[in-house]
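What follows is a single structure, written as structure tokens, with notes after it.
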Amino acid sequence: MRKSLIALVLILSFACFAQTQKSMKKAAAGGPDKAFMQKIMDQWATLDPANAAQFYASGPHTFFDIAPLRYNSWTEYAAGATKLLATYKSAKLTVNDDAEVHHHGDMAWASATVAEDAVMKNGKHEMATFRWTLVWENQGGKWMIVHEHISEPMQ
């Protein structure tokens, strides 16, 4: 009896593990990838944070940007970005080939460098490479950014 019970527990454990792995792969299959990251950067390149808003979770989340240092919600982030982006005439943001995306169930995280080619309203041409790290959460079937960190190497 005891051997049968142990065998049953082991079989159920393996079955649960297999189902969990299958669920995680299924979630990952439809999750963010480099193309999705580029789609986000394309919206930022419009210089209107309202276009990128569809990718960001509302509520209290932390977003670190180049300037200022920290925002505590998408509302704060959008307001600060609007002021900064108002100084630009055009921008092109390209996610580089070093992009990596990792999935774990309803969460995903990524990192990449992004090439910036922008023109400011004063005519200055700005080219830079910055670091981009982000965390997504699958909220009701939609992958939303719940944490983001953008930084530029010190010159």
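The values are calculated or read from the model by the stated rules, or taken from the named source; none is laboratory data. Everything quoted here is computed from the prediction, not taken from an experiment. Ideal geometry is used to build each Cβ from the backbone, glycine not excepted, and the neighbour counts take in all protein chains shown. When the accessible area is computed, the model is the full protein with side chains, heavy atoms only, and any ligands, DNA or RNA have been set aside. Shrake-Rupley method; radii C 1.70, N 1.55, O 1.52, S 1.80 Å.
So the values come out like this:
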| quantity | calculated |
| --- | --- |
| Any hit, region 31-54, residues being of a type outside the set (A, V, I, L, M, F, W, C) and at pLDDT below 95 | yes |
| Members of region 63-78 found to be within 24 Å of H125 (Cα to Cα) and either over 17 Å from the mean Cα position of the chain (by Cα) or surrounded by fewer than 14 Cβ atoms within 10 Å (Cβ to Cβ) (or both), listed by number | I66, A67, P68, L69 |
| Hey, V146 at pLDDT 95 or above, of a type in the set (V, I, T) and either over 18 Å from A52 (Cβ atoms) or open to solvent by 50 Å² or more (accessible area, probe 1.4 Å) (or both) or not | no |
| Strands (runs of 3 or more DSSP E) wholly inside region 91-140 that include at least 3 residues being surrounded by 15 or more Cβ atoms within 10 Å (Cβ to Cβ) | 107-120, 125-139 |
| Pair list, Cβ under 7 Å, 6 or more apart: region 105-131 residue free of Cβ contacts under 8 Å to residues at least 40 places away in the same chain, other residue small (G, A, S) | E116/A91; E116/A128; A118/S90; A118/A91; V119/S90; E126/A118; T129/A115; R131/S151 |
| Within region 123-136, considering residues that are of a type outside the set (A, V, I, L, M, F, W, C) and within 18 Å of K92 (Cβ to Cβ), the one nearest to the chain's Cα centre (by Cα) | R131 |
